[in-house]
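Down below is the structure, laid out as structure tokens.
The values are calculated or read from the model by the stated rules, or taken from the named source; none is laboratory data. Small disclaimer: the values here were computed from a predicted structure and weren't measured. Cβ placement follows ideal geometry from the backbone for every residue including glycine, while neighbour counts extend to all protein chains displayed. For the accessible areas, the whole protein counts, side chains as well, though only heavy atoms, and no ligand, DNA or RNA atoms are used. Shrake-Rupley method; radii C 1.70, N 1.55, O 1.52, S 1.80 Å.
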Amino acid sequence: MNFGFAGKRIAGVLTVLPANERNFTDDMKNFDFPEDKSLKLKKVMGYDRHRLVTGETCVSDLAVHGFRHLFDRGVVKPDELDALVVVTQSPDYFMPATSNVIQGRLNLKHDMLCLDIAQGCAGFVVGLIQAFMMLEQASIHKVALVNADVLSRKVSPRDKNSFPLIGDAACITIVEKTDDRHPIHANLKMDGTHHDVLIIPAGGFRMPSTPETAVLEDVGDNNYRAKDNLTMNGTAVFNFVQVEVPPMIESLLQQAALPIEQVDYFMFHQPNKFMLHKLADRMRVSRDRLPSNIVENFGNASGATIPTNITFNLAQPLLNGTLTLCMAGFGVGLTWASLVMRVGQLAFCEIIDY
Amino acid sequence: MDRFYVRLAEILEEDKVGPDDVLASFEQWDSLTALSVVAMIDEDYAVNISAEELATARTAGALEALVAAKRKP
């Protein structure tokens, strides 16, 4: 499905990272796995450090910290926000929505649309599409898009498939109307027949959490996880990404009538370095135009990886000028989505710790 | 398809791999190696092998046959 917009821009991007950092050498101690094999995993996948929340830190804690920073800096005024979109797979509660929790904790105005979206790896693109659709309304001038997850709390430390790459983060992207009519193009597809490829089996209404669902099970390949834990079929995800993402980008650039050389950077979701290198090679894009260094520095925080990729790798060029960015997210759902637009000059583009 | 066995040997960190060799018998065989093999087949032969399909190939020769069968239109 294709989308087109005009007269909208990204005003700024902020990443909030938990200050707590773990490294792969610490993680290895929990794996039931020979050291040389663990080191091979580190090398091939590009694992190193990652940021994880401590205790019971929630999505709203990270987000509220970020908003207060933006309000204190004066780069965003609370009363200007007309909508708050929170994209997360790890909400504070089943009910109410985390967007309402954040609205309340910040005492934001009542004349506001709060909306939660249950999306993960594709959540930045899905969130931007939603924010742009809201901005078509006369009453909505500025939208705060929050992409935040604390999924490390749902990953077994003894699961070397998922634990070394998981990260937690919250990103706040301010999206607003502008007189610049430069077109924005996006596309997205979903395939719910594979909804079990990335899943937390227990804890919802289908399989409520019980003492049994918390028991770590030997799931083979020296991995141990419980039904309460996140589980990922890595090979299925790899195949899905290699098959679906390159044609999606080709179709997006065709829709935008944009030659691939005119894209400055491909800012993709960050599953791991291995997959991103294979993707760049398959798309015949040089690896320096498709940054892949987020997992090794901060971990994969689901929908927060694209904005973190932007704040970590492109802060200076975007604070000083404009770039044409092609973004793509792919994962849980399954969902795959991409978007191409000019970004910059931004009012803020930074990373802070929580 | 000699090149197939050369690439397989590289991934498995072996000097030589032959058609009768049982994949699971290699010291380096694990989920990461399996993913590396899937990626190699994708890159070199433009064929996607699922984890389930890979599990049906007991030997290197069976895997080669699987790739050859999937290459045919």
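What does the charge add up to near A:G123, with Lys and Arg as +1, Asp and Glu as -1, over the other residues with Cβ less than 13 Å from its Cβ? Walk me through the intermediate numbers first.
Values: positive: none; negative: A:D116, A:D149.
In short, -2.
Relative to the current alpha-carbon distance between A:F33 and A:M1, full extension at 0.36 nm per residue lengthens the span by 7.2 nm. In this simple spin-label approximation, A:T193 and A:I352 carry label points 7 Å from Cα along the Cα→Cβ vector, and these lie 4.7 nm apart. Remark: accessible area buried at the B-A interface is about 1500 Å², both chains counted, probe radius 1.4 Å. Modelled this way, with points 7 Å down the Cα-to-C-beta line, the labels at A:E217 and A:R284 are 4.6 nm from one another. Averaging the sequence gap over all C-alpha pairs within less than 8 Å and six or more residues apart, then dividing by the number of residues, gives chain B a relative contact order of 32 percent.
Within chain A, the proportion of Cα pairs with more than 29 Å between them is 36 percent.
Carbon and sulfur: what percent of the protein assembly as shown's accessible surface (1.4 Å probe)? Here carbon and sulfur together make up 50 percent of the probe-accessible area. A 1.4 Å probe run over region A:1-47, with the rest of the protein chains in place, finds 44 Å² accessible per residue.
Calculated accessible area for region B:27-66 comes out at 38 Å² per residue, all protein chains present (probe 1.4 Å; ligands, DNA, RNA ignored). Straight Cα distances below 24 angstrom link A:K42 to the lysines A:K29, A:K154, A:K160, A:K273, A:K278, with same-chain residues fewer than 8 positions distant left out. Calculate the spin-label point distance for A:L319 paired with A:R206, positioning each point 7 Å from the Cα along the beta-carbon direction, and give it in nanometres. Label-label distance for A:R206 and A:L319, simple model: 4.5 nm. Relative contact order, whole percent, for chain A stands at 28, derived from Cα pairs under 8 Å and 6 or more residues apart.
Separation of region A:1-49 from region A:122-186 is 16 Å, based on Cα centroids. Per residue of peptide B:26-35, the mean number of Cβ atoms on other chains within 10 Å of the residue Cβ is 5.
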